[in-house]
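Every number here is computed from the coordinates shown, using simple stated rules; none is lab data. For clarity, every value in this text was computed on a predicted model and none was experimentally measured. Here the Cβ positions follow ideal geometry from the backbone for every residue, glycine too, while neighbour counts run over all protein chains shown.
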Amino acid sequence: MAYQILASLCTACGACEFECPNKAIRIKNDIYFVKPEKCTECVGHFDTPQCVAICPIEGACIQA
Amino acid sequence: MNQRVIALDSLLNTGVTKRKGCAASGCGGAADGPDDMAPEVWAKVRDHPCYSEGAHHYFARMHVAVAPACNIQCHYCNRKYDCANESRPGVVSERLTPEQAARKVLAVAAAVPQLSVLGVAGPGDALHDFTRTFETFTLVARTLPDLKLCLSTNGLALPDHVAAITALNIDHVTITINVVDPEVGTRIYPWIFFRNRRWTGLEASRILLERQMEGLERLVAAGVLVKVNSVMIPGVNDEHLKAVNAAVKQRGAFLHNIMPLISDPAHGTHFGLSGQRGPTPAELKELQDALAGGASLMRHCRQCRADAVGLLGEDRGQEFRLDQLSATTQTADPAPRLEYRAMVAEARADRRRAAKAAAVRLAPLADVLPRRVAVCTKGGGRINQHFGHAREFQVYEVDRTGVRFIGHRRADNYCGGGFGQDENLEAIIAALAGIDTVLAAKIGACPRSRLAEAGIAVIQTYAHEYIETSLSALFASGLAPQALAS
């Protein structure tokens, strides 16, 4: 159970990093990625995964 | 490179420091402010190129791109593409951490004594990830306390940060407000992210509007100067912007800046791809004229990039890319900037005297239709630019009631790459639609005759004169002798 970021679509705006309640989103060499072991899909925190809800690019944050 | 900045030497060469007819210490200071503005407001706006039309001739601003993330989606925005030749909001070449931004500001301040303002304007929303924005301001305020700080926001997160904004002495905030009717908003905002979920449709626009109005009211109550930006979208909110103007004026906005929608399929925005057009210069001016009695209208906006550096209308961002900053510590010495500001205060007082003299000259003239004239200027309120160097023109109207700045015409629109000189001249002629007279410091014979063919006269006789002085003389000279005699 984790989300992932498709680097080919991501604009690296970092909005998801700011919203993630688990600090599961990191950046390395200007590419954002989700640390799967930290991602809870926001279950227990919010109704919808925050990265999906804030991402300006449809389909860039998807379920792994 | 230096000739792109108006600078100390251009002021020195134009008689500003000759101090003819005034006691050495008699001008400058408070006397440089306009008659109809409270001194405390003048103190806030006089060095800010975006808030005071006069200031953009003299002062430079820089935006640092520390805020890439945004909490709403607008149909006119797409931050995916970056082209160094493009000038439009939301576009940026390099994203910075707060520490990198502070280094960059220090480097620019050391090289550009005209620098007076640091802004965070995106490329996303300055108040979404507010930690980066406020950390940047905190770092810069520590090393360069003489710079004014400003930010721009869509307003959604604004009510949460009013206290922080006042604590950091950010005395200028721009809110982009495109609608005061959520129904109209649904055609501009597909969604917002608020309180940990995404909202769409009418509800999204309603929340955004409520938050914008709350933020505006609370900033005004806290004594922060608020500029409202609106994007004019023909067929969507063009007529509606009159209601927006009334609403923001009533809530105490200091300035209202109506900007034309920039719409091009190549930018990849929803409006660009769906064929929504932007307004023509004539449509924009018509709306601005209809609103002349509302909140003070800003007519000199250049729709800067979120990492713009320099005077409005120029962008020196490429000179100050992170990889070009020297590793050595830059000086934070404010002396050159303070000296420059004192000189500008004096220059402005001088120009104000010239403008008053021009008004005196115009007042007794015949009451005929205003004349519209484009001028080439590098700043300082003078006709001091060669036509061939002009990438934009300032447009003025003159009649017996005075000389009025009415806007800019840009001839370098958005992607100059690939254009030859001839095409450029055609672009300039197109940009000057409706104008038959241009005042320039100088023009070559070839473009001059090409413009004459297009019905545009370029006059060089007012080279290096003040704009007001020149336009009043031009207006007087255009009148029939009997009208002059009256």
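Quick check on packing: order B:133-139, B:161-167, B:100-106 by the mean number of other C-beta atoms within 10 Å, highest mean leading. All intermediate terms of the calculation are to be shown ahead of the outcome.
Working: B:133-139: 21.6, B:161-167: 16.9, B:100-106: 23.3.
Ranked from most to least packed, the peptides come out as B:100-106, B:133-139, B:161-167.
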Query raised in the report: A:LEU9 versus B:ALA332, label points 7 Å from Cα toward the beta carbon: distance in nm?
Result: 4.4 nm
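Computed FRET efficiency, Cβ-Cβ of B:ASN169 and B:SER449, R0 41 Å: what is it to the nearest 0.05? Please report the intermediate quantities before stating the final value.
On the way: r = 54 Å, r/R0 = 1.32.
In this case the efficiency is close to 0.15.
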Query raised in the report: So which of B:LYS44/B:LYS356; B:LYS104/B:LYS242; B:LYS285/B:LYS442; B:LYS104/B:LYS378 end up more than 32 Å apart, counting from Cα to Cα?
Result: B:LYS104/B:LYS242
Query - Theoretical FRET efficiency, 1/(1+(r/R0)^6), r = Cβ-Cβ of B:ALA359 and B:ALA433, R0 41 Å, to 0.05 - result: 0.90
Query - Cα gyration tensor, segment B:170-246 - rounded (a/c under 1.5), prolate or oblate - result: oblate
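For peptide A:4-14, how many partner chain Cβ atoms fall within 10 Å of a residue's Cβ, on average?
Details: counts 0, 0, 0, 0, 0, 1, 1, 9, 5, 11, 8.
The shielding value for this peptide is 3.
Using 1/(1 + (r/R0)^6) with R0 = 30 angstrom and r between the beta carbons of B:GLU210 and A:ILE57, what's the FRET efficiency to the nearest 0.05? Provide the component values of the computation, followed by the final result.
Numbers: r = 27 Å, r/R0 = 0.91.
So, using R0 = 30 Å, E works out to roughly 0.65.
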Report summary line: Note to self: C-alpha centroids of segment A:1-49 and segment B:106-152 sit apart, in Å, by 28 Å
